[in-house]
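Reviewing the structure listed below.
The values are calculated or read from the model by the stated rules, or taken from the named source; none is laboratory data. Just so it is clear, the structure is predicted and the values come from calculations on it, not from any experiment. Cβ placement follows ideal geometry from the backbone for every residue including glycine, while neighbour counts extend to all protein chains displayed. SASA here: full protein model, heavy atoms, side chains in, ligands and nucleic acids out. Shrake-Rupley method; radii C 1.70, N 1.55, O 1.52, S 1.80 Å.
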Amino acid sequence: MIRNPIPWPNGARCACAITFDMDADSLIHISRPEDSHDRLYPITMGRYGPTVAVPRILETYRKFGIRQTFFIPAWCMERYPSAVEAILKGGHEIGHHGLIHEDPIATRGKKQKAAFEKALAIHKKLSGRKPRGYRAPVYNITQQVIDLLVSHEFAYDSSLMADDIPYLMKTRKGDLWEAPVHWGTDDWPPFAHYAEIDYLMPVRAPSEGLKGFWEEFEAQYEAGGFWMGIWHPFLTGRLARWRLVERWLEDTLRSKKVWFAPLEEIIAHVKAVTAKGDYQPRVEELPYFRKPVKA
């Protein structure tokens with residue numbers, strides 16, 4: 001089913017990553033900047049992530065001895081330093097996720113470059129290192145951002161959807177690995193109900209909403225692939241949902257040959273087996289288009 005499965009470490013059949021986008025209350029501030037400060041309900045909905053859900057998530061990871069990846073807007077890192085400190089203390093990765101969850105398409109040009117580089121400086125200040133990975137807010141990465149990632153020597157992006165497994169992107173300015181996302185493993189469709197930013201999803205019961213993720217995992221496991229959750233602490237970190245995630249993790253780690261790791265380690269492994277000649281990744285050439293497409 002996957003034509004070129006990646007050889008995973010220690011005989012693992014599937015590489016797995018639960019990636020959390022800790023957007024907190026940046027979403028309401030970027031969407032409704034004129035009065036977001038006085039919209040208390042969405043502020044508290046976002047704050048639930050770093051203040052309640054992240055400690056719960058980290059305790060589960062500690063319990064099972066796994067390290068994972070969090071993508072955090074730099075504004076959120078400054079606003080919730082205790083959550084950042086706890087994530088780093090647990091050995092988890094923090095990736096670049098914009099300055100305040102600004103849309104790269106809406107901020108093309110000098111504004112996007114300034115936001116990207118200001119966020120990068122905040123990452124270095126608060127974590128002591130440059131992030132290795134990036135995920136675009138609302139997946140809206142542009143060729144400009146790809147070029148910024150290459151010029152700043154990022155190892156990977158995780159915003160695009162061209163394959164089931166990590167692949168290599170070759171650009172005019174250099175190469176970049178992709179850890180591909182897709183909506184089937186994103187918790188926004190089953191759980192997001194957020195009228196203030198124009199999302200009114202029919203909220204599913206925890207078992208029903210999570211079922212699709214487990215089915216996606218089973219398909220990837222059978223094919224020897226790569227499974228990644230793209231989740232948000234204020235959604236999947238809620239009590240009833242996370243209880244089911246913890247049970248799934250316990251069962252999966254006990255009964256399956258899986259490798260749970262931060263994305264930076266998964267990409268480093270793919271890069272290493274490629275360099276040794278043990279694997280040949282699929283390659284995408286960028287940019288896809290050099291000018292607007294007209295009918």
Seminar exercise, completed: Within the range 149-206, residues being out of contact with any Phe, Trp or Tyr (no Cβ under 9 Å at 6 or more places or on another chain), basic (Lys, Arg) and over 17 Å from TYR279 (Cβ atoms) number 2
Exercise. Which of the following residues is open to solvent by 40 Å² or more (accessible area, probe 1.4 Å), touching a Lys or Arg at 6+ places or on another chain (Cβ under 9 Å), within 22 Å of LEU239 (Cα to Cα) and of a type outside the set (Val, Ile, Thr): LYS211, LYS130, LYS124?
Worked result: LYS211
For this session: Within the range 1-43, track down each residue that is without any contact (Cβ under 8 Å) to a residue 12 or more places away in the chain and either among the polar types (S, T, N, Q) or assigned to a helix (DSSP H, G or I) (or both).
Result: SER36, HIS37, ASP38, LEU40, TYR41
Exercise. For the range 146-156, does any single residue satisfy the condition of being among the acidic types (Asp, Glu), within 28 Å of ILE2 (Cβ to Cβ) and part of a helix (DSSP H, G or I)?
Worked result: no
Seminar exercise, completed: Across (1) within 26 Å of ILE57 (Cβ to Cβ); (2) of a type in the set (Val, Ile, Thr); (3) open to solvent by less than 20 Å² (accessible area, probe 1.4 Å), VAL273 clears everything bar (1)
For this session: Taking the options GLU153, GLU178, name whichever one is at positive phi and either among the acidic types (Asp, Glu) or open to solvent by 40 Å² or more (accessible area, probe 1.4 Å) (or both).
Result: GLU153
For this session: Exactly one condition in (1) open to solvent by 10 Å² or more (accessible area, probe 1.4 Å); (2) under 25 Å from VAL181 (Cβ atoms); (3) of a type in the set (S, T, N, Q) is not met by GLN68; state its number.
Result: (1)
Seminar exercise, completed: Residue set PHE260, PHE234, PHE191; condition free of Cβ contacts under 8 Å to residues at least 60 places away in the same chain and either over 22 Å from PHE64 (Cα atoms) or crowded, with 20+ Cβ neighbours inside 10 Å (or both); output residue PHE191
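For the range 244-257, what are the residues that are among the basic types (Lys, Arg), in contact (Cβ under 8 Å) with a residue 12 or more places away in the chain and assigned to a helix (DSSP H, G or I)?
Residues satisfying the conditions do not exist here.
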Problem set entry | Filtered residue count, the range 192-207, keeping only those that are at pLDDT 95 or above, within 14 Å of LEU235 (Cβ to Cβ) and part of a helix (DSSP H, G or I) | 1
